[in-house]
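Structure, as structure tokens:
The values are calculated or read from the model by the stated rules, or taken from the named source; none is laboratory data. These numbers come from a predicted model, not from an experiment. Please note: Cβ atoms are built from the backbone with ideal geometry, for glycine as well, and neighbour counts cover all protein chains shown. The accessibility values were calculated without ligands, DNA or RNA, using every heavy atom of the protein model including side chains. Shrake-Rupley method; radii C 1.70, N 1.55, O 1.52, S 1.80 Å.
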Amino acid sequence: MRIKIENEGIFMILTIMTYNIHGGKDIDDNLTIYGISNFIKQSKADVIGLQEVDTYLGRSYFLNEIKYLAKRLKMYYAFGPNIKIGLGSFGNGILSRYPIVKKNNYHLTSTGERRGLLSVLIELDSYRKIWFLTTHLGLNSKERVMQSQEILKIIKRLDYPVILTGDFNETPENEAYSIINHVLVDGAFSANSDYYSYLDGDEPVRIDYIMHSKDISVESIKAVDCNLSDHFPVIASVRCNFD
């Protein structure tokens, strides 16, 4: 985090990431969680929203992935399980260089695989806090519309600047994205950037997002082409404005 003091007030610059880690595996089902930890470290990200995180599942060698990443990166963490599988679970995670002082995991209306929204309040310093959220929307378009409406009801109750990250499973032309974009700003448009984060067959598409409230702006945003997951990580430099 960098702090700037200008005539208008105090600004904090954070590096934010959203990353669907595919259970810590690449497209060939090779375990890549060690490489993911190294990538996050090299990125110098301050806060990371993760989707498709495994804990104690056989397919990922019974590793608690979010705890593993937090330990290796020396970061605070939160986990929001959405699906129980035997003794293990599957859901969203958040990593933060700064203390997490509150956590809520919301189950969203789901017609297929259960989806959720993980929300944390992060204390940047003694005076300034932000809400950081991550989600993974469903595969059905009507389901995603319901989920986006539920997310906005939660966001409208929050009392600090908001950053929402996640895999929306749809492009900006679709309805759930538009519903959220009526309240939050898409970081790609904020930074006048064009990136793609997933290959749908041979077609590059943008389905992974960093969105923010209007008291935040994005100075730059990009997706990094790497093969540690079936998605590309998206990284943004975010400016939080505090009076």
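Structure summary
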item	result
Which numbered condition Y61 fails, given (1) modelled with pLDDT of 95 or more; (2) open to solvent by 10 Å² or more (accessible area, probe 1.4 Å)	(1)
Every pair of residues 6+ apart whose Cβ atoms lie under 6 Å, when the first sits in the range 111-123 and is closer than 14 Å to T134 by Cβ while the second is open to solvent by 20 Å² or more (accessible area, probe 1.4 Å) and not in a strand (DSSP E or B)	I122/Y98
Which listed residue, of G80, G112, G88, G166, is at positive phi and either more than 15 Å from the chain's Cα centre (by Cα) or at pLDDT 95 or above (or both)	G166
Qualifying positions in the range 171-193 - out of contact with any strand residue (DSSP E or B) (no Cβ under 8 Å at 6 or more places or on another chain) and either assigned to a strand (DSSP E or B) or surrounded by fewer than 21 Cβ atoms within 10 Å (Cβ to Cβ) (or both)	E173, N174, E175, S178, I179, H182, V183, F189, N192
Restricting the range 194-208 to residues that are in contact with a strand residue (DSSP E or B) (Cβ under 6 Å, 6 or more places away or on another chain) and hydrophobic (A, V, I, L, M, F, W, C), the residue that is surrounded by the most Cβ atoms within 10 Å (Cβ to Cβ)	I207
Scope the range 123-143; condition open to solvent by 10 Å² or more (accessible area, probe 1.4 Å) and under 17 Å from T18 (Cβ atoms); matching residues	W131, H136
Test: residue in the range 100-116 that is of a type in the set (K, R), in contact with a His (Cβ under 9 Å, 6 or more places away or on another chain) and open to solvent by 10 Å² or more (accessible area, probe 1.4 Å)	yes
Any chance D54 is among the charged types (D, E, K, R), within 24 Å of I155 (Cβ to Cβ), open to solvent by less than 20 Å² (accessible area, probe 1.4 Å) and modelled with pLDDT of 95 or more	no
Filter result for the condition that a residue is open to solvent by less than 10 Å² (accessible area, probe 1.4 Å) and not polar (S, T, N, Q), over M146, M211	M211
When residues of the range 136-159 are limited to those that are at pLDDT 95 or above and of a type in the set (D, E), the one farthest from the chain's Cα centre (by Cα)	E143
Single residue of the range 150-160 satisfying the filter (open to solvent by 70 Å² or more (accessible area, probe 1.4 Å) and part of a loop (DSSP other than H, G, I, E, B)) that is nearest to D215 (Cα to Cα)	Y160
Selection count where residues are part of a strand (DSSP E or B), over 19 Å from L199 (Cβ atoms) and among the charged types (D, E, K, R), scope the range 20-69	1
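Let's see how each residue does on (1) at positive phi; (2) of a type outside the set (V, I, T); (3) in contact with a Ser or Thr (Cβ under 6 Å, 6 or more places away or on another chain):
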position: Y177; (1), (2), (3): no, yes, no
position: I216; (1), (2), (3): no, no, no
position: S220; (1), (2), (3): no, yes, yes
position: D225; (1), (2), (3): no, yes, no
